[in-house]
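Structure first, then comments.
The values are calculated or read from the model by the stated rules, or taken from the named source; none is laboratory data. Every value quoted in this text rests on a predicted model; they were computed, and no experiment measured them. Note that we place each Cβ from the backbone using ideal geometry, even for glycine, and neighbour counts take in every protein chain shown.
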Amino acid sequence: MYGKTSDGVSLVPRVKKTTGILETAGGGKYREATLAGRIFAVANQAVVNVTVGMTATYTGLALCNPAGSGKNFAVIGFGCAAIIAVPTAACTIGIMTGGGVGAATAVIAARNRLSGGPSSKAYVDSAVVFTEAPVLEELICTFHTGGVTTGLNPGVHVDLEQSVVVAPGFHVSPFASAINDATFMFSWLWEEIDV
């Protein structure tokens with residue numbers, strides 16, 4: 001059985017491993033999950049102070065998966081932008097993960113990408129004390145300093161393609177190598193999948 005694109009090109013149909021359901025051609029790669037109400041997004045609503053390094057006392061935008069959520073969070077994307085003209089210190093941004101999320105609360109509401117879809121199980125916290133120190137997983141970009149005439153730092157969005165999965169009781173959070181008070185805003189995009 002073969003289908004054809006609008007250009008008349010024959011394609012083999014795709015069947016998903018997890019459900020055995022035939023996928024339709026067209027649409028974005030996360031459309032099916034979005035229409036099913038499983039894709040969520042969150043962003044800081046104002047600039048934040050970001051904790052330096054991998055410390056248990058954290059500020060930024062921690063995406064926390066509560067121990068009893070019954071979901072894995074498959075992280076699709078991460079975004080970061082320096083909102084003031086230039087950061088106050090040169091800074092490398094990355095992502096770090098860890099456990100010990102018992103003190104996390106839902107300070108910032110995650111949004112379902114399907115308008116009117118179900119609520120997220122995530123606790124997104126901008127200031128939390130983890131019971132274990134996080135570990136740096138990946139470096140994403142570096143922001144420079146300088147006068148306004150040196151130019152602005154562009155924002156960054158990284159498609160992680162669900163390569164980071166946050167199990168119940170764990171978190172993923174932005175890492176910063178230097179103090180930059182009230183400089184950055186962050187965002188996360190993820191799919192919630194039954195454990």
- Task: Under 6 Å between Cβ atoms, at least 6 apart or on separate chains: pull out the pairs that start in segment 110-121 with a residue that is in a loop (DSSP other than H, G, I, E, B) and end on any residue that is surrounded by 15 or more Cβ atoms within 10 Å (Cβ to Cβ) and of a type in the set (Lys, Arg).
- Result: LYS121/LYS71
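Here is a yes/no grid of residues against (1) hydroxyl-bearing (Ser, Thr, Tyr); (2) within 25 Å of LYS29 (Cα to Cα); (3) in the same structural domain as VAL42 (by TED's automatic domain parsing):
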residue: VAL107; (1), (2), (3): no, no, yes
residue: SER119; (1), (2), (3): yes, yes, yes
residue: ALA127; (1), (2), (3): no, no, yes
residue: VAL158; (1), (2), (3): no, yes, yes
residue: SER163; (1), (2), (3): yes, yes, yes
residue: ALA167; (1), (2), (3): no, yes, yes
residue: SER173; (1), (2), (3): yes, yes, yes
residue: PHE184; (1), (2), (3): no, no, yes
residue: TRP188; (1), (2), (3): no, yes, yes
- Message: With the structure loaded, tell me whether ALA46 is surrounded by fewer than 19 Cβ atoms within 10 Å (Cβ to Cβ), assigned to a loop (DSSP other than H, G, I, E, B), more than 17 Å from the chain's Cα centre (by Cα) and not β-branched (Val, Ile, Thr) or whether it fails that test.
- Response: no
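Answer yes or no as to whether ALA106 is assigned to a loop (DSSP other than H, G, I, E, B), modelled with pLDDT of 85 or more and under 17 Å from PHE170 (Cβ atoms). Lay out the reasoning, then the answer.
Working: assigned to a loop (DSSP other than H, G, I, E, B): yes; modelled with pLDDT of 85 or more: yes; under 17 Å from PHE170 (Cβ atoms): yes.
Here the answer is yes, as ALA106 does meet what is asked.
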- Hey, any hits in segment 31-40 for a residue that's modelled with pLDDT under 95, touching a Pro at 6+ places or on another chain (Cβ under 8 Å) and not acidic (Asp, Glu)? no
- Please find, among THR97, THR55, the residue that is in the same structural domain as GLU138 (by TED's automatic domain parsing), hydroxyl-bearing (Ser, Thr, Tyr) and not in a strand (DSSP E or B). THR55
- Item | Residue, surrounded by the most Cβ atoms within 10 Å (Cβ to Cβ), within segment 69-93, restricted to residues that are at pLDDT below 95 and among the small types (Gly, Ala, Ser) | ALA82
- Task: Within segment 120-135, work out how many residues are surrounded by 21 or more Cβ atoms within 10 Å (Cβ to Cβ), charged (D, E, K, R) and over 16 Å from the mean Cα position of the chain (by Cα).
- Result: 0
- When GLY117 is run through (1) buried (at least 19 other Cβ atoms within 10 Å of the Cβ); (2) of a type in the set (Gly, Ala, Ser); (3) modelled with pLDDT of 95 or more, the failure sits at (1)
- Query: Mind checking whether some residue in segment 74-83 is farther than 17 Å from PHE186 by Cα and in the same structural domain as TRP188 (by TED's automatic domain parsing)?
  - Reply: yes
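Looking at this structure, is LEU160 assigned to a strand (DSSP E or B), modelled with pLDDT of 90 or more, surrounded by 13 or more Cβ atoms within 10 Å (Cβ to Cβ) and under 14 Å from the mean Cα position of the chain (by Cα)? Write out each step before concluding.
Details: assigned to a strand (DSSP E or B): yes; modelled with pLDDT of 90 or more: yes; surrounded by 13 or more Cβ atoms within 10 Å (Cβ to Cβ): yes; under 14 Å from the mean Cα position of the chain (by Cα): yes.
Considered against the rule, which asks whether it is assigned to a strand (DSSP E or B), modelled with pLDDT of 90 or more, surrounded by 13 or more Cβ atoms within 10 Å (Cβ to Cβ) and under 14 Å from the mean Cα position of the chain (by Cα), LEU160 comes out as yes.
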